[in-house]
Amino acid sequence: MEKKIQILVAAHKKVSMPSQAMYTPIQVGAALSAKRFDGFIQDNTGREISSKNPYFNELTALYWARYNSDADIIGLVHYRRFFSFSKQKDSDKILDESAIRALLSKKSVIVPKKRRYWIESSESHYRHAHHGVALDVLRKVIAIKQPDYLTAYDHNMSRTWAHMFNMFIMPRTEYDAYVDWLFEILFAVEQKIQSDVVNWDIYEKRVYGFLSERLLDVWLEKNHISYTEVPVVFMEKQNWLLKGGKFLARKIGFGRQI
C-alpha cells in the first residue's frame, strides 16, 4: 500500500484551495474565531494549541498534525505559498503527488529554496527585524535542554542563508521527531518571555513562528537529514519595494519596539 501523503495548507481566511486531494486546508487559530470555513479542518480539535495561534502562527497546524493526522508523509504550506517548479501563480502547477514521491525517493525532506541575505548573517537579519531578546533566550534554552544542538545552532545563525517559511514535506518518523524537538524548545522559550511578548505589537507577537524558521536547519544538520530544495511560488502579488523599505526601516531602528 502506498504511503498516505497529507500536505496541510494553513489559512486564517476562506480562500480557494488546490484540487489535489492530498492538500488539506486547515483553519489556524480556529479556537479564537466563530467562523468556520467549508471544506477546512480546524486546528482546535483533538490535542491542540489553537489558542496560541497569534504567537505561534502556522505552527498550530504543525502541532495539530503531530497528534491528529494519520498520514505517513506530512507537509506544511501556506494558502499563499506553495512548492512549485513553475513560476506561474496557478494551483494546478504546484507540486503534485507523483513529484513528491519522486523527490522523497532520493532525499529525506523537501524544503524551500534557500533565502540568502548576502550582506548579513541569519542572526543579524533576525535582530534587525525582530526583538533580539527572544533570540538570546532561544540560545540559552538550547544550551540547557538540547546542548548537543548548540554547535549546529551557532553554525546556522552565522550563515548568510536559511530555509524559511516553516514549509517542508517529510516522512512521519522524521516529522514526529522534529515537531517534538521543536516544541520542547519553543514552549521553554515561551515560559521565559511570555510576560514581555504580551506587550509587543501584533506582528512581533508571532515570535515563536519567527524563531522556528531558524530551527529547521539546525535539526536537519545535527541529525544529518538529507533534503532537496524546491522553489516557492507566491500566489499573491508581492510588493518588494514596500517589503524592502520596511526592512531598511527596521535595520536603522524604526518600526520595531525595542
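The values are calculated or read from the model by the stated rules, or taken from the named source; none is laboratory data. Quick caveat: nothing in here was measured; it's all calculated off a predicted structure. As a convention, Cβ positions derive from the backbone with ideal geometry for all residues, glycine included, and neighbour counts pool all protein chains shown. Side chains are part of the model used for accessible areas, which takes the heavy atoms of the whole protein and leaves out ligands, DNA and RNA. Shrake-Rupley method; radii C 1.70, N 1.55, O 1.52, S 1.80 Å.
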inquiry  = Can you list residue pairs whose Cβ atoms sit under 9 Å apart, with the first residue in the range 84-99 being without any contact (Cβ under 8 Å) to a residue 24 or more places away in the chain and assigned to a loop (DSSP other than H, G, I, E, B) and the second being surrounded by 13 or more Cβ atoms within 10 Å (Cβ to Cβ) and among the hydrophobic types (A, V, I, L, M, F, W, C)? Count only pairs 6 or more apart in sequence or on different chains.
reply    = 90/233; 90/235
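Being acidic (Asp, Glu) and open to solvent by 60 Å² or more (accessible area, probe 1.4 Å): is that true of residue 136 here? Steps first, answer last, please.
Numbers: acidic (Asp, Glu): yes; open to solvent by 60 Å² or more (accessible area, probe 1.4 Å): yes.
In short, yes.
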key: Tabulated pairs, the range 197-210, first within 11 Å of residue 56 (Cα to Cα) and at pLDDT 95 or above, second assigned to a loop (DSSP other than H, G, I, E, B) and of a type in the set (A, V, I, L, M), C-beta under 8 angstrom, 6+ apart or interchain   = 205/198
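Here is a check on your reading of the model: is residue 107 within 24 Å of residue 76 (Cα to Cα) and either touching a residue at least 40 places away in the same chain (Cβ under 8 Å) or buried (at least 17 other Cβ atoms within 10 Å of the Cβ) (or both)?
Values: within 24 Å of residue 76 (Cα to Cα): yes; either touching a residue at least 40 places away in the same chain (Cβ under 8 Å) or buried (at least 17 other Cβ atoms within 10 Å of the Cβ) (or both): yes.
Yes, satisfied.
If you check 36, 115, 101, 47, which single one turns out to be surrounded by 14 or more Cβ atoms within 10 Å (Cβ to Cβ) and modelled with pLDDT of 95 or more?
So the residue among 36, 115, 101, 47 that is surrounded by 14 or more Cβ atoms within 10 Å (Cβ to Cβ) and modelled with pLDDT of 95 or more is 115.
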note = By residue number, the members of the range 166-210 that are aromatic (Phe, Trp, Tyr) and buried (at least 19 other Cβ atoms within 10 Å of the Cβ) are 168, 175, 178, 183, 208, 210
ask   = How many residues does the range 32-51 contain that are outside any loop (DSSP other than H, G, I, E, B) and either in contact with a Ser or Thr (Cβ under 6 Å, 6 or more places away or on another chain) or among the hydrophobic types (A, V, I, L, M, F, W, C) (or both)?
value = 3
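When the range 100-151 is examined, which residues are found to be part of a loop (DSSP other than H, G, I, E, B) and either touching a Lys or Arg at 6+ places or on another chain (Cβ under 6 Å) or at positive phi (or both)?
Our first condition is that a residue be part of a loop (DSSP other than H, G, I, E, B); within the range 100-151, this holds for 105-108, 113-114, 117-121, 130-131, 146.
Selection gives 118 alone.
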task = Could you list, in sequence order, all residues of the range 153-165 that are surrounded by 18 or more Cβ atoms within 10 Å (Cβ to Cβ) and in a helix (DSSP H, G or I)?
result = 153, 156, 157
task = Kindly indicate the residue of the range 20-30 that is of a type in the set (A, V, I, L, M) and open to solvent by less than 50 Å² (accessible area, probe 1.4 Å) and also nearest to residue 169 (Cα to Cα) among those meeting that condition.
result = 22
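So which residues in the range 56-82 are within 19 Å of residue 234 (Cα to Cα), open to solvent by less than 10 Å² (accessible area, probe 1.4 Å) and in contact with an Asp or Glu (Cβ under 8 Å, 6 or more places away or on another chain), if there are any at all? Outline the logic, then answer.
Of the range 56-82, the ones within 19 Å of residue 234 (Cα to Cα) are 57-58, 75-82.
Narrowing further to those that are open to solvent by less than 10 Å² (accessible area, probe 1.4 Å): 75-77, 82.
Selection gives 76 alone.
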